[in-house]
Amino acid sequence: MSATAHAHHKDSFITKYLFSQDHKMIGKQFLITAIFMSIIGVFLSVLFRIQLGWPGESSSFLNTFLGDTWAPEGVLNRGMYLGLVTIHGTIMVFFVLTGGLSGTFSNILIPLQIGARDMASGFLNMLSYWMFLLSSLLMVYSLFLETGPASAGWTIYPPLSVFEQAIPGSGNGMNMWLISMTIFIASSLIGSLNYIVTVLNLRTKGMKMTRLPLTIWAFFVTAIIGVLSFPVLVSAVVLMIMDRTLGTSFYISDVIIGGEIMEQSGGSPILYEHLFWFLGHPEVYIILLPALGLTSEIISTNARKPIFGYRAMIGSILAIAFLSFIVWGHHMFVTGMNPFLGGVFVFTTLLIAIPSAVKVFNYITTLWRGNLRFTPAMLFSIGLVSAFITGGVTGIILADSALDIQVHDTMFVVAHFHVVMGLSAILGMFAGIYHWYPKMYGTMMNTKLGFIHFWITIVCAYGVFLPMHFVGIGGAPRRYYDYSVYQEFDSIQGQMILDLNVVISIFAIIGALGQIIFLFNFFYSIKKGQKAVQNPWKSNTLEWTTPVEHVHGNWPGELPTVYRWPYDYSKPGAEEDYIPQTVPLKDGEEDH
């Protein structure tokens, strides 16, 4: 489309803010929706952490928010405890870390960093967001159902999730979960196809694949993983809906509930586990890769150094994507899996540590002897590297079937994936928000508040998840309502579990309250923040060549031409310590 056509394009309020087809506005819609979903997800975790920290004690706070039905006399109902855990996990994994990260930054950055006017299909982009919003609202609505929300854990394993008689949350709450997730997956697929087509077909002149920022490589490969893996979860959900409503038995066999023998037989819940985890493990990298891509850009920019091992970083992204599809069995070591097959999954899981380590070493080497600028985005990026290493070390334990059997389904597993997937991705998301906020809103977030937010977040996160590993090693199974009533623990071990749960809950509550600083900084700075200049970080990529005020079509004139890779920082002989991609190579200057 010509620049002239874009220049004369006028939007009404509805077409600009509600049904916008502009990728920048859609990215911001994804972000603000994800922020509100994260508020709900974190709040739910505070509610059940109160129960775990002080089991059986009356809390007026719980009674105020959950009422007499779900917190009689201020004590959390057992069924609602499972419901809170389930919806917290679902919201954080899918609606915050998947929709929030990919939906926000793929939309905002792909056209801007490849030099395109917009996404390949603005309409499909808009449709993707509205389906995401609808699925979000349905998931939140399920919390208010009379029978409670889905309560079978975020993995919704059968048979607990299939029979309404099994648990109250397996009635309408489970139906809402299944409908919401089906719509979410449709949204994700539409968005992913759009991202792939845009990267392949709409790059500006001179933007070869080897000149793409690592952010775009991460979004591109993430979209491919999503297209290949999410349909498998759809099939798992469809078969579960049939088991629940049509009397089929894909997942059900020989189940007795309350003395009643269920009619369905011949199925296997293990089939569901295979289908779920075939998506579930690629989903870890659907969450992680965008955060790692953002971190690559931020660390290189703020270290004033070229990213170390650019091609190795691309190779590691591709290797992680491939290996993510052949490791799902490590979630199922205790299902009676053939030991030889278990050994194969051990090998492939340990293999994925190699490209992960390449990324970590390259981040550290980029930081080494760099001219470091500690912006809030830089701190959160370094925090991501820290969390990725910490979570990766515990992952080696869980990758080994002989060791995994000892801690499978304990709080050790919960601590591991919260650090390596949840914390890493959240820190990357915060880094991206602080770094590209000037591009999104034309203003700067408050730096001092950003520093305070970082230190509260990182200290409280480790305060929650480091002790949780010891709770798991102590033998505490995950998703238990009250650890004080089990006699299986010896007195010393049991007391350790109870004491550490108090510590974890205190850190969780402080960490949750600390996010208020971020929320204030984010929303206050939209209107009241310091006005941003065009290129506040002195960065090389194309998005910083667009005007501060948003222009429909991104560039008012011709699209920029790219002459070099995006990491020419502190180049010997250059006048400044950065050279934008739009600057032609000088005579005798070598392209990377």
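For this structure, a couple of remarks:
- Taken as a whole, the condition of being in contact (Cβ under 8 Å) with a residue 40 or more places away in the chain and open to solvent by 40 Å² or more (accessible area, probe 1.4 Å) does not apply to Val385.
- Among the residues of the range 279-335, those that are free of Cβ contacts under 8 Å to residues at least 40 places away in the same chain and open to solvent by 30 Å² or more (accessible area, probe 1.4 Å) comprise Ala319, Phe322, Ile326.
- The condition of being in contact with a strand residue (DSSP E or B) (Cβ under 8 Å, 6 or more places away or on another chain) and closer than 30 Å to Pro158 by Cα holds for only one of Met337, Met411, that being Met411.
- Unique residue being crowded, with 24+ Cβ neighbours inside 10 Å, more than 29 Å from Gln165 (Cα to Cα) and not aliphatic (A, V, I, L, M) when the list is Gly53, Gly100: Gly100
- Met429 at pLDDT 95 or above, in contact with a strand residue (DSSP E or B) (Cβ under 8 Å, 6 or more places away or on another chain), open to solvent by 10 Å² or more (accessible area, probe 1.4 Å) and over 30 Å from Pro339 (Cα atoms): no
- Listed by first and then second residue, the pairs linking a residue in the range 247-260 that is free of Cβ contacts under 8 Å to residues at least 24 places away in the same chain and in a loop (DSSP other than H, G, I, E, B) to a residue that is open to solvent by less than 50 Å² (accessible area, probe 1.4 Å) and among the acidic types (Asp, Glu), with Cβ atoms under 6 Å apart and 6 or more places separating them unless they lie on different chains, are Phe250/Asp243.
- Here Val221 does not qualify as under 26 Å from Phe94 (Cβ atoms), at pLDDT 95 or above, within 23 Å of the chain's Cα centre (by Cα) and open to solvent by 10 Å² or more (accessible area, probe 1.4 Å).
- Screening the candidates Phe361, Phe380 for the property of being hydrophobic (A, V, I, L, M, F, W, C), open to solvent by less than 40 Å² (accessible area, probe 1.4 Å) and part of a helix (DSSP H, G or I) yields one hit, Phe380.
- Among the candidates Gly463, Gly475, the residue that is open to solvent by 30 Å² or more (accessible area, probe 1.4 Å), among the small types (Gly, Ala, Ser) and more than 24 Å from Asn362 (Cβ to Cβ) is uniquely Gly475.
- Annotation for the range 543-553: at least one member residue is within 32 Å of the chain's Cα centre (by Cα) and on the phi > 0 side of the Ramachandran plot.
- Answer from Gly173, Gly191, Gly226 - the residue that is at pLDDT 95 or above, outside any loop (DSSP other than H, G, I, E, B), within 15 Å of Met131 (Cα to Cα) and not basic (Lys, Arg): Gly191
- All positions within the range 175-203 that are crowded, with 20+ Cβ neighbours inside 10 Å and hydroxyl-bearing (Ser, Thr, Tyr): Ser180, Ser187, Ser188, Ser192, Tyr195, Thr198
- Residue match in the range 267-288 (condition: under 17 Å from the mean Cα position of the chain (by Cα), at pLDDT 95 or above, of a type in the set (A, V, I, L, M, F, W, C) and closer than 21 Å to Ile364 by Cα): yes
- Members of the range 491-523 found to be without any contact (Cβ under 8 Å) to a residue 24 or more places away in the chain and either closer than 23 Å to Gly442 by Cα or assigned to a loop (DSSP other than H, G, I, E, B) (or both), listed by number: Ile516, Phe523
- Selection status of Tyr141, in contact (Cβ under 8 Å) with a residue 40 or more places away in the chain and aromatic (Phe, Trp, Tyr): no
- Residue within the range 555-575 that is farther than 30 Å from Phe308 by Cβ, surrounded by 17 or more Cβ atoms within 10 Å (Cβ to Cβ), over 31 Å from the mean Cα position of the chain (by Cα) and of a type outside the set (Ser, Thr, Tyr) present: yes
- Index of the failed condition, Ser45 passing every other in (1) in contact with a His (Cβ under 9 Å, 6 or more places away or on another chain); (2) under 19 Å from Ser161 (Cβ atoms); (3) not hydrophobic (A, V, I, L, M, F, W, C): (2)
- Residue within the range 26-39 that is charged (D, E, K, R) and within 18 Å of the chain's Cα centre (by Cα) present: yes
- Among (1) within 29 Å of Phe518 (Cα to Cα); (2) surrounded by fewer than 19 Cβ atoms within 10 Å (Cβ to Cβ) - the single one Asp68 does not satisfy: (1)
- Selection within the range 510-528 - surrounded by 13 or more Cβ atoms within 10 Å (Cβ to Cβ) and either farther than 22 Å from Thr457 by Cα or in contact with a helix residue (DSSP H, G or I) (Cβ under 6 Å, 6 or more places away or on another chain) (or both): Ile510, Gly511, Ala512, Gly514, Ile517, Phe518, Asn521, Ile526
The values are calculated or read from the model by the stated rules, or taken from the named source; none is laboratory data. The model shown is predicted, which means the values in this text are computed figures rather than measured ones. Every residue, glycine among them, receives a Cβ derived from its backbone with ideal geometry; neighbour counts consider all protein chains shown. The protein model used for the area step is the full one, side chains on, heavy atoms only, and it has no ligands, DNA or RNA in it. Shrake-Rupley method; radii C 1.70, N 1.55, O 1.52, S 1.80 Å.
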